[in-house]
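Just below is one structure, and these are the notes that go with it.
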Amino acid sequence: MHSIRIALLAGVLLLWAGPVAGQTFAFTAIPDQDVTRLQDRFGKVADYLEEELGVAVRYVPVKSYASAVNAFRNDQVQLAWFGGLSGVRARLLVPGSRAIAQGASDRRFRTYFIANTATKIEPTESFPSGLAGLTFAFGSKGSTSGRLMPEHYIRKHLGPPEEVFQRVGFSGNHSQTIDLVATGAYQAGAVNFKVWQTEQAKGAIDTDRVRVIWKTPPYPDYHWTIRGNLEERFGKGFRREVAQALIGLSDHPEIMESFSRERFVPASNKDYQRILEVGRKIGIIER
Amino acid sequence: MPRSASLRTSLAFVAIGLACLASADLAITTLHPWRELGRFTWGLVTPSFQEGGTLGLALGKTVAFALLGVAAGSVTGMGLALIYHRRLVRVSAAFVRAVHELFWALLFLQFLGLNAITGLLAIALPYAGIFAKVYAEILEEGDRSAEPALPAGTGKISRFFFARIPEVWSHIRTYTVYRVECGLRTSAVLGFVGLPTLGFYLDSAFLQGDYSRVGALLLLFYVLIALIRVWLRPWLVPLYLALAPLLLGGSLQVSMGNVTRFFTQDIVPLGLRDGFSWEALGSWAGDLLTQQALPGVVSTVVLTQIALVATGALALAAFPLICRHFVGRPEKVVTHIALVVGRSTPEYILAYIFLQLWGPSMLPAIVALALHNGAIIAHLIGRYADALQLGPDTPRNPLVRYGYEVVPRVYNQFLAFLFYRWEIIMRESAILGILGIHTLGFYIDSAIQNLRMDHMVALLLITAFLNLGIDAASRIIRAHLRLRTTPTYEP
């Protein structure tokens, strides 16, 4: 009994005396696709930033969009690769935080509506009204391209998703949405067009079973957001340095390729005003 | 009308279960469910142990969280067991038990962040509630005859350690080891919300369709649990507990600012943050109840009742296969392994697997809950039936022997176990909503994804009260039928 208690005490002490965090600059990213791909991509980004900024940099993987926003809000990470919606939410919660860089193609992002070929819905230029009455898979509940924008267009053309569709589900991420529609678990769904293109280029999509039936008009999406209170921890002008380093990633094709983007360009909070408005309109953003 | 009260109750529950079944969505929506199942099974038999280091670390962290969490829960629970006669202690313990570990983790994540403390508290807190109750029951049952033999003036603490603990030590040890096994399952599942345990890697492997890696992770987990009595030696426990914190890693910092903000701002109903009015509160509560709580409670109860009946049916069908009155030793071993796999796989992981294979409906959840809980009860009833002595006049035909002798003799014990697991099944039904079935967990997860902590906390409270209600109903029925389970025999 005695030794157990001593060991317990030691354990508890060790637990609370854990490492006092040094000046590590931590960042996260919304888990929009397969984790290994994210690990691969952001591991490289962490190494690159460490070199450029001269501080220890750590990538913190998370399991949900909300966890990414929470980690940013709670100052567990100081930088994040957000989607349009998660970025807007994070900046509402953390005054002083700013969007600093985005992919050039993120200014004109799209959602692809996809359907199982068994539904016999043909690709069209205008919104596919034949979706009504089917089962439909969004991506994550907090995704811009997998939830916010597709829901916006569904509401505009058909009505509230839970009334329009026979069943509504949330797949969790875009790779998963494609799989679920291909297997027929859902008849149709909405995916990030970049993920679709990447998977297609790899030959990972069974085009006999799932295809694109409609492409939304363009909207702003992914971007890097940084917290505001970093000068005292990391030195004067730190935010500008980070922004420059991120834009400098454009000269590293192998990293840009993992993002499926050609280059990063400067971004600002007002680039995402449209997302905020859509979010408020469909009630996902409530303040 | 059947004369036996047990039979009448059983038939009523079966009728309710069937009525729920009629209203439930049971569709298999994937086009090739069996092909996926085939791929999955193939993955299980061709496990890939690549990146063994990562696998080992995941396993190590799973054990570390489990041991530290259960140890903290056990010490706290023992303290509470001593004052368990106090109403406040009993009510608080019942409340922390009523909320599933995964919900606790989701709650702590919001203000402690992705942090080892989140994982430890998510295990330690509900387990403290469980330990308090069971330890108190064990102490209650214990032989107190040694106490008067102590010299007069022996202090309270000495009295407790020298006269009461030794009497019940073996029960406490057995139960605590059993809880370590549960803690391992809980710890593994916490990975699904982002802690670095087995579930984290399982989720990733699944989403990539890498079934061989899934197979490797699951097999390692089964071996870990099957060998628990080999590696969990009393004299090794202090060593493990000392080493475990080193394995947890990550930041252990907690920002009080975040905690304060959570309790003073985030959980205040949205309409009331600029000032209180009854009208605003009414509309907030009205929306929450009609659009989220009510549909969530209905689905949760429907799933619970179906799963309860399915669990019972499975247990009754499976127990003869591990019972010496029906099968020989080789068959017994095979069934035993199947049941160990069934009960070692957390229901969350089972449901997750079936959901991937068959698509989203209640069916995967029902099958997962029935397999997990049915395996536990079948195992216990099998052991109980093994202890029965059958007379020389016992029917020779095994079916007749089953129906006319063995089942009637084990039936009350069976019902006791089943009703004991009723509230556990409900707690699990709620949590499975996170996977997309529209039980309470679905609405709680949505509230989290929408960053609506006010909704999340309110829904968690509703879930807890539903659980306490079912627990109370179960106790009333068990008392009415005079069913009894002894603490250490409880599943």
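Couple of notes before you dig in:
- Each residue of the stretch A:229-240 is assigned a 3J(HN,Hα), and the resulting list reads 9, 9, 4, 5, 8, 10, x, 5, x, 4, 4, 5 Hz, derived from the Karplus form 6.51 cos²θ - 1.76 cosθ + 1.60 (θ = phi - 60°), x at Gly and Pro.
- Solvent-accessible area per residue in the stretch B:51-266 equals 40 Å², computed with a 1.4 angstrom probe and all protein chains kept.
- Eigen-decomposition of the gyration tensor built on the alpha-carbon atoms of the stretch A:110-215 gives equivalent ellipsoid semi-axes of 19, 15, 13 angstrom, largest listed first.
- Using only alpha carbons, the stretch B:1-116 has a radius of gyration to Kirkwood radius ratio (Rg to Rh) of 1.13.
- With the whole protein complex present, B:ILE434 retains an accessible surface near 40 Å², based on a 1.4 Å probe.
- 37 °C / 0.692 mPa s Stokes-Einstein diffusion coefficient of the stretch B:236-313, Kirkwood radius on C-alpha pairs, µm²/s: 185
- With contacts taken as Cα pairs under 8 Å at a separation of at least 6 residues, chain B carries a relative contact order of 21 percent.
- Equivalent ellipsoid semi-axes - Cα gyration tensor, the stretch B:51-266, angstrom: 34, 23, 14
- Cβ-defined net charge surrounding B:LEU460, 13 Å radius [Lys, Arg +1; Asp, Glu -1]: -1
- Spatial separation of Cα centroids for the stretch A:91-128 and the stretch B:427-441, in angstrom: 29
- Where both bridge residues fall in the protein assembly as shown, DSSP classifies roughly 65% of the beta bridges as antiparallel.
- The listed residues A:GLU163, B:GLU331, B:GLU137 rank as A:GLU163, B:GLU331, B:GLU137 when sorted by accessible area, largest first, using a 1.4 Å probe.
- C-alpha center-to-center spacing [the stretch B:391-417, the stretch B:202-252] in angstrom: 40
- For B:LYS156, the lysines whose Cα comes closer than 29 Å to its Cα, not counting residues fewer than 8 places off in the same chain, are B:LYS133.
- Hz values of 3J(HN,Hα) by residue in the stretch A:162-172 - Karplus curve (6.51, -1.76, 1.60), Gly and Pro given as x: 5, 8, 6, 9, 5, 8, 10, x, 10, 6, x
- For the stretch A:185-199, a decrease in accessible area of 50 Å² or greater in the assembled protein chains relative to the isolated chain, with a 1.4 Å probe, applies to A:ALA185.
- Residues with amide H under 5 Å from that of A:ILE114, placed H, sequence gap 5 or more: A:GLY189, A:ALA190, A:VAL191, A:ILE213
- Annotation for A:GLN200 and B:HIS85: the two label points, set 7 Å from Cα along the Cα-Cβ direction, are 7.5 nm apart.
- Net charge dipole size for the stretch A:110-215 [Lys, Arg +1 and Asp, Glu -1 on Cβ; Debye, nearest 20]: 220
- Calculated FRET efficiency for the pair A:ASN269/A:LYS236, C-beta based, R₀ 25 Å, to 0.05: 0.70
- Residues in the stretch A:43-147 average 32 Å² of solvent-accessible surface per residue, probe 1.4 Å, ligands and nucleic acids excluded.
- Degrees between helix A:84-93 axis and first principal axis of chain A (Cα, 0 to 90, nearest 10): 40
- For the protein assembly as shown, with all protein chains in place and a probe radius of 1.4 Å, 60% of the accessible heavy-atom surface sits on carbon or sulfur.
- Kirkwood hydrodynamic radius (C-alpha pairs) into Stokes-Einstein, the protein assembly as shown, 4 °C and 1.567 mPa s, D in µm²/s: 46
- Signed unit charges on C-beta, dipole axis of chain A, positive-most listed residue A:ALA46, A:ALA99, A:THR119: A:ALA99
- 10 Å Cβ neighbours from other chains, averaged over peptide A:58-71: 5
- Options A:THR183, A:GLY133, B:HIS372, ranked by Cα towards positive dipole end of the protein assembly as shown, top entry (Cβ charges): B:HIS372
- Lysines with Cα under 20 Å of A:LYS156, excluding same-chain neighbours fewer than 8 positions away: A:LYS141, A:LYS215, A:LYS281
- For the stretch B:209-216, putting each phi into the Karplus relation 6.51 cos²θ - 1.76 cosθ + 1.60 with θ = phi - 60° gives couplings of x, 8, 5, 5, 6, 4, x, 4 Hz, in residue order, rounded to whole numbers and with x for Gly and Pro.
- Buried area at the B-A interface (accessible, heavy atoms, 1.4 Å probe, summed, Å²): 4300
- Whole-number D in µm² s⁻¹ for chain A, Kirkwood Cα-pair radius fed into Stokes-Einstein, 37 °C, 0.692 mPa s: 162
- At a probe radius of 1.4 angstrom, the accessible area of the stretch B:281-372 per residue rounds to 35 square angstrom.
- Inter-chain Cβ neighbour average for residues A:169-179, partner chain, 10 Å: 3
- Measuring nothing but alpha carbons in the stretch B:304-401 and taking Rh as the Kirkwood radius, the Rg to Rh ratio lands at 1.07.
- Residue order by solvent-accessible surface for A:LYS194, B:LYS332 is B:LYS332, A:LYS194, largest first, with ligands and nucleic acids left out and a 1.4 Å probe.
- Measuring with a 1.4 angstrom probe and ignoring ligands and nucleic acids, A:LYS281 comes out at about 150 Å² accessible.
- Max mean-square fluctuation residue, GNM over chain A, Cα-Cα springs under 10 Å, options A:ALA118, A:ALA90, A:ALA46: A:ALA118
- With the whole protein complex present, A:TYR222 retains an accessible surface near 10 Å², based on a 1.4 Å probe.
- Straight Cα distances below 19 angstrom link A:LYS270 to the aspartates and glutamates A:ASP106, A:ASP221, A:GLU286, with same-chain residues fewer than 8 positions distant left out.
- For the set B:ASP143, A:ASP251, B:ASP266, the ranking by accessible area, highest first and with no ligand, DNA or RNA atoms included, is A:ASP251, B:ASP143, B:ASP266 under a 1.4 Å probe.
The values are calculated or read from the model by the stated rules, or taken from the named source; none is laboratory data. Treat the numbers as computed from the prediction; the structure is a model and nothing was measured. Heads up, the Cβs are rebuilt from the backbone with ideal geometry, glycines too, and the neighbour counts pull from every protein chain shown. We work out accessible area using only protein heavy atoms, side chains counted, and drop any ligands, DNA or RNA first. Shrake-Rupley method; radii C 1.70, N 1.55, O 1.52, S 1.80 Å.
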